[in-house]
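Data block below; observations after.
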Amino acid sequence: MILGCLIATTLFFGENMGASFHQSGSSFGAGGSGVMSSFSIPSTGTYGLKDKTLYYNTNGPSVDLTSGKLASPQPMSRIAYPDNGSVIATLCTNKDSDVANLRSALKSLAFLRGDQSTDPYSKLLKTPVLVFNEGDLNPAQIKSIVESTDRPVAFPLVDFQSFPNGFNPELEFAKSAPMFEVSGRSPWGYYQMIRFWVTMIWHHPALDRYEAVMRIDTDSCFLEPNEYLPHFMHDHLNYHSQYVGVEPEEGREYLIGLYDFAVEYMSRVKKTPGNVMLWHFIDTTWKAQKTLPLFRTNFEISRKSYMLRDDVVKWHAALTEEEVSYSPYYLALNYVFLCYCY
């Protein structure tokens, strides 16, 4: 789930997005109303690291059908999959239920036809899958994930034990801010997940060779064919998701303060809303209902070069890395906001 930065990103930087509203056949079901919002400093990798990602399924299935053994991962050829293409990204815990759900999600990628070649002699690989994880997936779980798809699969690592500079999670947890907790997760696990998708992923070395990122969750499932995914429908777009309504009553306590912060931030950096129509919608929704609009929470496509644009990077950093993050109240609010509108 990703919740609100995209709404805020759209309203800040929409003059470069060319947002359009249209009917789009939903890959998750029988179709529905979709919002395509187009909003585009090359990546140098996290902390200056270089991409050393190794992939399974790059030369046929990595799981031997006879012995059931899993072959070692290998570097992926840039001839078989050229740079600046798309990638499918997800984040998975070591819970067996999450792994099982991810397997179903990966199997449903068979419905995506945007990268399926009609040339029987083509040596090009399908769009790879990056399964970000904390390094705690066991060999059996990795094998089961790899054999769930014929796409190249890699398992880049993330560090959810580090926090923004100056942020002490033990002290902040004791404060009285409303906490968004998920059963079976660490107290800050949900927030770290949001922080990863909003800020950290765009600097991860595993993304260095890619330009478009299609994010799915373990609860994502494609139910019908789609002719352009995992790519953008149009080359000029920088973001694609679907508008699904507003944040329901039970989640609104986590939104308090975010609208005011967005207004204050625009004033501080002397920025006017880039997407006037969408800002008006957000403004009236908040003032009338004290809630915020939602994009689909388990699917989106984002263009990396846009997310690494200087002004966008600063906005994301303000949400997850800087002064707002030092307050657990705003930390929770920012991340929940990011989870519903991004």
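The values are calculated or read from the model by the stated rules, or taken from the named source; none is laboratory data. What you see is a predicted model, and the numbers here were worked out from it, not measured in a lab. Because the Cβ atoms are built from the backbone with ideal geometry, glycine has one as well, and the counts that use them run over all protein chains shown.
For this structure, a couple of remarks:
- Candidates in the range 236-256 are the residues that are in a helix (DSSP H, G or I) and either under 19 Å from the mean Cα position of the chain (by Cα) or acidic (D, E) (or both); of these, the one that is surrounded by the fewest Cβ atoms within 10 Å (Cβ to Cβ) is E250.
- Just one of (1) in a helix (DSSP H, G or I); (2) farther than 30 Å from S108 by Cβ fails for G274. It is (1).
- Qualifying residue in the range 297-318 (condition: modelled with pLDDT under 90, closer than 25 Å to H203 by Cα, in a loop (DSSP other than H, G, I, E, B) and under 18 Å from the mean Cα position of the chain (by Cα)): yes
- Considered as a group, the residues in the range 271-317 that are basic (K, R) and surrounded by fewer than 19 Cβ atoms within 10 Å (Cβ to Cβ) include one that is farthest from P248 (Cα to Cα), and that residue is R309.
- Just one of the numbered conditions (1) modelled with pLDDT of 95 or more; (2) in contact with an Asp or Glu (Cβ under 9 Å, 6 or more places away or on another chain) is not true of L124: (1).
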